[in-house]
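What follows is a short report on a single structure.
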Amino acid sequence: MVVIGSGLSGVMAALRASSQGKKVAIVRKGWGASALTGGIFEIAPTQGEEVQFSSILLDLKQKNSYHPYHHLDLEMLSTAFELFKKFFPLKIQGSYTENQVFLLDTGFFRRAAFAMEPQFLDFRTIGRKKVLTLGTDFSWFQESLLLPQMLAKKLDHPDEVRSLAQRLKSKSHLNQVDLLVLPPVLGLDFFSDMKRELEHLLGLPVFESVATIPSVPGLRFQKALDASLRKASIPIVQGKVQSFDHHQKRVTSLRVSDELETELNETTLEADTFILATGKFFSGGLRKESVFWETVFHLPLFFENEKINDCPPQKLLKKKFFKSQPLFQCGVKTNSALIPLDEFGEPCYENVRACGTLLQGFDPAQDGTCFGVQLLSGYKAADI
Amino acid sequence: MKILKLCYANINLAFALVLHFVFKKWFQRRGLSHFLSFYKEDHVFSLSAEERVTFSSHSKCVFCGLCVSQCELTDAHFYEKFLTPATLAFSYTKSLPEVSSNVDFVAHCSSCRACEKVCPTSVPLNRIIQFVKAHACPS
């Protein structure tokens with residue numbers, strides 16, 4: 001089996017297949033949008049009153065009849081997540097049944113089911129505690145920096161954390177505060193140690209807010225994904241899929257080579273099944289040049305079951321910037337076995353399965369179901 | 001009067017044309033080379049035909065900062081300057097003279113290509129580094 005893409009859904013598919021004893025390899029050209037995650041993971045959107053996930057998801061399925069959840073079985077979520085946790089080195093906490101409230105580094109709140117360890121601070125449980133939150137302009141830090149990643153890299157050393165603690169003590173009145181929330185900058189590789197060190201030095205609990213782009217938790221997450229692939233001893237082939245061979249409706253092999261120097265180290269990968277987990281526009285799964293196209297197998301793209309490959313992009317964009325844009329909901333149409341379909345409802349290639357954010361009908365950044373779809377579709381795509 | 005003016009203009013043009021062909025022999029493209037030598041300090045230079053084709057791909061960077069975690073230089077030379085692949089690539093969305101601001105980075109870079117391997121928009125970082133080395137480093 002060959003998995004194309006090493007984001008969350010690709011890794012989930014690879015882990016599932018290798019746990020079934022299959023021989024798996026991952027092809028990737030680089031990191032994608034999984035490396036930009038803010039540190040929280042959403043299964044279902046909720047607003048206002050507490051509602052259980054099952055009823056919300058029924059509602060969501062009724063409202064959006066193209067959503068990938070129609071093909072997925074939500075009861076598998078805990079099984080999939082347990083398998084994922086077995087290989088994933090970082091702690092992800094949360095619940096399968098309800099959303100918690102987390103603070104974004106822009107000052108807004110966002111609801112999500114799971115969060116990574118430094119972000120796991122549920123604001124509903126705080127009560128009357130006094131919280132000090134520091135902003136992302138880094139004026140509390142001695143110098144202004146271009147990227148939070150640089151600061152995070154700097155704070156991987158305990159000496160730097162010590163001087164940071166001194167600076168925080170001198171600048172703000174920490175004795176009046178019960179809780180400190182920093183932007184997500186506390187180290188890239190050793191962040192839980194650095195967090196503990198800072199908590200010890202300041203004498204109060206320290207948390208990180210949820211990142212927007214550019215994102216340090218995303219880097220940690222992607223590095224941990226790579227580590228889980230190493231732990232399951234799944235090989236990674238670095239390169240871009242240049243072309244593929246197919247015999248009637250079965251893909252037989254992929255030709256992978258370095259993206260920039262195409263002549264160098266070209267490899268051919270043969271497999272029984274190919275899993276497409278390339279993501280949407282940022283990750284490079286979809287491209288807009290003169291037309292929209294899917295970059296690996298040139299599959300047709302759909303928005304609400306209408307083919308949009310030749311559609312002008314202004315038709316897929318709304319004027320209201322923060323509204324959910326149809327452009328980001330377009331993707332590959334699949335049947336219930338996640339095999340991509342063409343406009344007549346016939347399978348394009350019988351041994352190709354699509355999973356993750358590539359699927360049509362949901363906007364991974366907006367509609368609050370991204371983590372659930374990625375995990376479940378990755379699990380299901382490899383489950384043959 | 002009108003005819004006289006026309007004649008004068010035509011004679012002037014003919015004279016300039018003759019001068020142009022005569023002087024071209026001895027003072028070939030004096031204007032351009034003079035201009036380039038004048039702005040050499042500001043790192044304005046002419047691109048070759050090959051470079052013109054690839055130059056647009058240099059500005060693909062979206063400043064997501066994923067390469068920062070991969071670069072060893074970011075660790076080693078942090079205190080001196082903000083030397084990261086991201087700042088290098090991002091300076092190509094600005095003008096050509098910005099090339100000079102990257103000399104420090106390029107001088108330390110070992111071309112390990114770790115940054116290129118994680119780039120989501122596939123910026124040709126190694127090619128950029130070779131480009132800066134060729135043009136901006138004092139030789």
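The values are calculated or read from the model by the stated rules, or taken from the named source; none is laboratory data. This structure is a prediction, so every number in the text was calculated from the model and none was measured. So basically every Cβ, Gly included, is an ideal-geometry build from the backbone, and we count neighbours across all protein chains shown. Note: areas computed on protein heavy atoms with side chains; ligands, DNA, RNA excluded. Shrake-Rupley method; radii C 1.70, N 1.55, O 1.52, S 1.80 Å.
The figures follow:
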item	result
Conditions (1) in a helix (DSSP H, G or I); (2) modelled with pLDDT under 80; number of the one not met by B:C67	(2)
The one condition in (1) modelled with pLDDT under 80; (2) crowded, with 21+ Cβ neighbours inside 10 Å; (3) farther than 13 Å from A:M150 by Cβ that B:A86 fails to fulfil	(3)
The stretch A:35-45 - residue that is open to solvent by less than 20 Å² (accessible area, probe 1.4 Å) and under 14 Å from A:K223 (Cβ atoms) and, of those, farthest from the other protein chains (Cβ to nearest Cβ)	A:G39
Verdict on A:A165 being surrounded by 14 or more Cβ atoms within 10 Å (Cβ to Cβ), out of contact with any Phe, Trp or Tyr (no Cβ under 9 Å at 6 or more places or on another chain), hydrophobic (A, V, I, L, M, F, W, C) and not in a loop (DSSP other than H, G, I, E, B)	yes
Unmet requirement for B:T74, which otherwise passes all of (1) within 14 Å of chain A (Cβ to nearest Cβ); (2) modelled with pLDDT of 75 or more; (3) assigned to a helix (DSSP H, G or I)	(2)
Qualifying positions in the stretch A:293-305 - in contact (Cβ under 8 Å) with a residue 24 or more places away in the chain and over 13 Å from A:L358 (Cβ atoms)	A:F303, A:E304, A:N305
Residues of the stretch A:188-210 that turn out to be buried (at least 17 other Cβ atoms within 10 Å of the Cβ) and within 11 Å of chain B (Cβ to nearest Cβ), as a count	1
Failed criterion for A:A232 (all others in (1) within 14 Å of chain B (Cβ to nearest Cβ); (2) at pLDDT 90 or above hold)	(1)
Number of the condition not met by A:V251 [criteria: (1) open to solvent by 50 Å² or more (accessible area, probe 1.4 Å); (2) part of a strand (DSSP E or B)]	(1)
Within the stretch A:211-225, considering residues that are within 10 Å of chain B (Cβ to nearest Cβ) and assigned to a helix (DSSP H, G or I), the one most open to solvent (accessible area, probe 1.4 Å)	A:K223
Set A:I26, A:I56: member being outside any loop (DSSP other than H, G, I, E, B) and in contact with a strand residue (DSSP E or B) (Cβ under 6 Å, 6 or more places away or on another chain)	A:I26
Residue tally, condition open to solvent by 10 Å² or more (accessible area, probe 1.4 Å) and more than 21 Å from A:R255 (Cβ to Cβ), over the stretch A:290-307	8
Subset of the stretch A:267-281 that is within 14 Å of chain B (Cβ to nearest Cβ) and buried (at least 20 other Cβ atoms within 10 Å of the Cβ) - its residue that is farthest from A:R353 (Cα to Cα)	A:K280
Counted residues, the stretch B:96-122 - those being outside any helix (DSSP H, G or I) and either surrounded by fewer than 17 Cβ atoms within 10 Å (Cβ to Cβ) or modelled with pLDDT of 85 or more (or both)	8
Residue within the stretch A:86-105 that is away from chain B (no Cβ under 14 Å), open to solvent by less than 10 Å² (accessible area, probe 1.4 Å), part of a loop (DSSP other than H, G, I, E, B) and at pLDDT 90 or above present	no
